[in-house]
1. Suppose we filter segment 2-44 for residues that are farther than 24 Å from P633 by Cβ, in contact with a His (Cβ under 8 Å, 6 or more places away or on another chain) and either in a loop (DSSP other than H, G, I, E, B) or open to solvent by 50 Å² or more (accessible area, probe 1.4 Å) (or both); how many remain?
2. For segment 466-478, how many residues meet the condition of being out of contact with any Ser or Thr (no Cβ under 8 Å at 6 or more places or on another chain) and open to solvent by less than 20 Å² (accessible area, probe 1.4 Å)?
3. Could you say which residue among S536, S543 is within 13 Å of P458 (Cβ to Cβ) and of a type outside the set (K, R)?
4. Within segment 414-434, how many residues are of a type in the set (V, I, T) and either touching a Leu at 6+ places or on another chain (Cβ under 8 Å) or over 25 Å from R82 (Cβ atoms) (or both)?
5. For L323, work out the one condition from (1) surrounded by fewer than 20 Cβ atoms within 10 Å (Cβ to Cβ); (2) over 23 Å from E590 (Cβ atoms); (3) within 29 Å of the chain's Cα centre (by Cα) it doesn't fulfil.
6. Being among the charged types (D, E, K, R), without any contact (Cβ under 8 Å) to a residue 40 or more places away in the chain and outside any strand (DSSP E or B) is the filter here, so list the residues in segment 95-115 that pass it.
7. Would you check which residues across segment 57-80 are open to solvent by 70 Å² or more (accessible area, probe 1.4 Å) and among the polar types (S, T, N, Q) and list them?
8. Residue by residue through segment 319-333, note down the ones that are closer than 25 Å to P294 by Cβ and either of a type in the set (S, T, Y) or free of Cβ contacts under 8 Å to residues at least 12 places away in the same chain (or both).
Amino acid sequence: MAPLSHPPIAERRPHSFAHHGVTVVDDYAWLRDPAYPEVKDPAVLDYLNAENAWFEQRMADRQPQIDTLFTEMRGRIKEADRSVPQKDGAYLYWIEFAEGAEYKTWWRRPVAAGDDGAANELILDEAVLADGLDYFKLGAISVSNDGRMLAWAVDNDGSERFVARIKVIATSEVLPDEIPETLSGLIWTSDDSALVYARVNDQWRTDTVLLHRLGTAASDDQVLFHEADEGFRVGVGLSASERWLVLSTGDHETGESWLVPAADPTAPLVLVRERRTGVEYDVDVFDRNDGSDPLLYIHTNDTHENFRLATAPLSAPREWTTLIEGSDEFYLTGFDLFRDFYVVEGRVRGLDRIEVRYYDDPARIEHIAFPEESYEAGLADNPEWATDRLRLTYESMISPATVYDYHVADRTLETLKVQEIPSGYDASLYWTQRIEISARDGTLVPVSIMARKDRTDPSPLYLYGYGAYGIAIGPGFSTGRLSLVDRGMVFAIAHIRGGDDLGRKWYKDGKLDKRRNTFNDFVDVARGLVARGLTSPGRIAISGGSAGGELMGAVINSDPDLWGAVVAHVPFVDVLNTMLDETLPLTPGEWPEWGNPIEDSDAFHLIHAYSPYDQVRHQAYPPLMVTAGLNDPRVTYWEPAKWVARLRGCKTDSNELVFKTNMGAGHGGKSGRFESLKETAEEFAFILWQLGIADGAEP
């Protein structure tokens, strides 16, 4: 293709609609291919390809720096690596990466065998499955109870419609069974004669749990549960003792669960408690050693927004008795049952907390302590019901990921593995702290910060935010971000409302009619960092993806002068149109998060007032890099495409605006550990370019 003399300008095709007395103009609505999920409209493809060509052209001079960044980041990854083996029944299981490999291999060996490699058994090779594919993602993977068979699911285009297959591990014989349209775990029945799974419908909604008997056609699979509410999604899991299947359904604020024996999945389902709007709960089953009536453990927000833990006999599942009261201080995020004890996870003042508790002594609480003031920690994979140790993970912004075994009896942590950085890493060169910055309404917003000790103030700064769905962004470790920090940048995470970093109220204060708090928090954190002398206006790079991309769109509309570079990955920016379209896969289930503008006039006006696409105006905008995935079912490609088109038509500046659509990928971008790293290198090169930071690994 010949070089372009100017960026692509999308055609404006007059289109408008009226709702709740408001006329909405959407002249780029044509960029949504009516054949979606197929995209074959020549005009749409021509525009996306032209934008990709402009991206490549504008980034061409950055390629040496992209290559340098990629080499740096790859050099911090131990290429030939393996996870710590974990015991599950008669075997130890682990994963490995070979030198230069994009994808993992899955291994096991008998517990009784030595570690000389002789008994190691390869059970799945992702590289073989990915051979010849532009995109590959492994979904669920599950070994049968007798250890003979393996079930796994694969997405080969980013659409998140997985196809499950089954094989005999010893012979590698792949059975003829093929289960399409899965989007859940693959759960073996007790006798290994069947799999239980959840299927997506044509609108990419998981609404049905099915039973697949080995050797039969997927079209004959038996329905165990069907959810009629289009806003709810169903899932299936296994109880801790593996005797019960747990079927769950819910949306962002309401849940309901059913139980059925894993040995008899077609038996009548046991409803734990009927759904009640605004009440969430999840359940596990404690099977008593004496065989008496099992006891349900229920994690619920029915009496306190920070959740309580309750119990109920299986024979009377609706009779809930509080075991751990809800607390303003302790946000109870989950629990895990084991034969001799149980574990509670949560957060106190935004920091992770893990507690071991005992069935026979409720007053006995063992808090697992960690060495730093700001960190991220949690339970890892702990598959065995009867165990005397817990596998944990731990990291901080300056401490590489560490795998521990916590020995319950003597309350000690055993270090099993510390993330190795082959090119070298010296934690003493960096500092990290957690501060609080006052938002405009007086709310104190936590901010996690890391930087080199030898940088000078004010520094260029990278600020990350998300702020939606009650998802907390922990102060974890990243080898990639060192490529920015080692060039003198400060790295900061704004723990803004909309996430649940400080509890459930923190989440509620950033959703629905309080959505603007999320955007204001982010802007106020940036201004607070400037006031503290850490950075200056126009020297702040910001980044966010999906709902975090919506955040990017909102704050460049409201405060464009603050930002020196903006990266919006698969941004959810066409909020109003998406929430008005109940035929889209996610929309009905999203109304509890954003509001239903179809039926609610107030929700319509609020969303219209902040929706980044609708609020693009004639003004100067900061330099902007936008990404999309053609096969993305979560944020459809036309959202960022329309947004970029409108920005090009409205912005009054000459700053860079580049837009890249992955034509063979979805929400997560390219697959493979190194291919995805290249996209991070592109993002960082764009930021360094726009902030005027010269190449070189030292500040």
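1. Going through segment 2-44 one residue at a time, the tally reaches 3.
2. Result for segment 466-478: 1.
3. Details: S543 fails: within 13 Å of P458 (Cβ to Cβ).
Going through S536, S543 in turn, the sole match is S536.
4. Kept after step one, since they are of a type in the set (V, I, T), are these residues of segment 414-434: 415, 418, 421, 432.
Then drop every residue that is not either touching a Leu at 6+ places or on another chain (Cβ under 8 Å) or over 25 Å from R82 (Cβ atoms) (or both), which leaves 432.
Residues meeting the conditions: 1.
5. (3)
6. Narrowing segment 95-115 to residues among the charged types (D, E, K, R): 96, 99, 102, 104, 108-109, 115.
From what is left, the residues that are without any contact (Cβ under 8 Å) to a residue 40 or more places away in the chain are 96, 99, 104, 108-109, 115.
Answer for segment 95-115, where residues must be among the charged types (D, E, K, R), without any contact (Cβ under 8 Å) to a residue 40 or more places away in the chain and outside any strand (DSSP E or B): E99, K104, D115.
7. Passing the criteria: Q63, T71.
8. So the first thing to find is which residues in segment 319-333 are closer than 25 Å to P294 by Cβ, and the list is 319-326, 332-333.
Listed by number, the residues that qualify are E319, T321, T322, T333.
The values are calculated or read from the model by the stated rules, or taken from the named source; none is laboratory data. Owing to the predicted nature of the structure, the values given are computational and were not obtained by experimental measurement. Counting neighbours? That spans all protein chains shown, and the Cβs are built from the backbone with ideal geometry, glycine included. These accessible areas exclude ligands, DNA and RNA; they are computed on the full protein's heavy atoms, side chains included. Shrake-Rupley method; radii C 1.70, N 1.55, O 1.52, S 1.80 Å.
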